[in-house]
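Participant: Dropping a structure here in structure tokens format, bear with me for questions.
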Amino acid sequence: MIFPSNRVRIMVATKPIDFRKGHDSLAAMVKNELRKDPFTGTVFVFRAKKADRLKLLYWDGTGLVMAYKRLEEHTFTLPAVKDGLMMLNHAQFEALFAGLDWRRVRAIEARAPEAVE
């Protein structure tokens, strides 16, 4: 999958959405209901009532990108249904998108190398 770098923020909307919504409707939902700016490069992840589908929305600098994934035989491990947002790190998102239990993933903190003179 073509995806932005691991430096982007990833936010999961914990309340299910109507999956008929497109780019503009999801961007309006991010702005009006989640009180976030959809044009910052943050990846917003939306869930369906059935936990087998996800939609992603993010601004890549030239336009809104929407991705959709449906699992055929399993469901995504998702947080409890409620209003609001939760953040995932890149490793947790990769596990979620692959259909794995993201709650078991912990990213290793890496320090940038120091310059040697």
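The values are calculated or read from the model by the stated rules, or taken from the named source; none is laboratory data. Fair warning: this is a prediction, and the values are worked out from it, not measured in the lab. Don't worry about glycine lacking a Cβ; one is built from the backbone with ideal geometry, like all the others, and counts go over all protein chains shown. Accessible surface is based on the protein model in full, side chains and every heavy atom, while ligands, DNA and RNA are left aside. Shrake-Rupley method; radii C 1.70, N 1.55, O 1.52, S 1.80 Å.
Participant: Just to check your reading of the model, which residue among MET86, MET66 is in a strand (DSSP E or B) and in contact with a Ser or Thr (Cβ under 8 Å, 6 or more places away or on another chain)?
Facilitator: So the residue among MET86, MET66 that is in a strand (DSSP E or B) and in contact with a Ser or Thr (Cβ under 8 Å, 6 or more places away or on another chain) is MET86.
Participant: Of all residues being under 17 Å from the mean Cα position of the chain (by Cα) and of a type in the set (A, V, I, L, M) in region 99-114, which is farthest from ARG9 (Cα to Cα)? Just the residue, please.
Facilitator: Filtering first and then ranking leaves LEU100.
Participant: State whether one or more residues within region 89-96 are in contact (Cβ under 8 Å) with a residue 12 or more places away in the chain, in a helix (DSSP H, G or I) and among the small types (Gly, Ala, Ser).
Facilitator: Checking region 89-96: at least one residue is in contact (Cβ under 8 Å) with a residue 12 or more places away in the chain, in a helix (DSSP H, G or I) and among the small types (Gly, Ala, Ser).
Participant: Just to be sure, is MET29 outside any loop (DSSP other than H, G, I, E, B) and under 13 Å from the mean Cα position of the chain (by Cα)?
Facilitator: Spelling it out, it is not the case that MET29 is outside any loop (DSSP other than H, G, I, E, B) and under 13 Å from the mean Cα position of the chain (by Cα).
Participant: Assuming VAL45 fulfils every condition listed in (1) β-branched (Val, Ile, Thr); (2) loosely packed, with under 14 Cβ neighbours inside 10 Å; (3) in contact (Cβ under 8 Å) with a residue 24 or more places away in the chain apart from one, which condition is it?
Facilitator: Among (1) β-branched (Val, Ile, Thr); (2) loosely packed, with under 14 Cβ neighbours inside 10 Å; (3) in contact (Cβ under 8 Å) with a residue 24 or more places away in the chain, the lone unmet condition for VAL45 is (2).
Participant: If you don't mind, there's one more thing I want to ask. Criterion first (open to solvent by 30 Å² or more (accessible area, probe 1.4 Å), without any contact (Cβ under 8 Å) to a residue 60 or more places away in the chain and within 21 Å of GLU33 (Cα to Cα)) does LYS55 satisfy it?
Facilitator: no
Participant: Could I ask something else about it? Only residues that are of a type in the set (Gly, Ala, Ser), over 13 Å from the mean Cα position of the chain (by Cα) and either more than 21 Å from HIS23 (Cα to Cα) or surrounded by 15 or more Cβ atoms within 10 Å (Cβ to Cβ) (or both): list them for region 61-98, please.
Facilitator: ALA80
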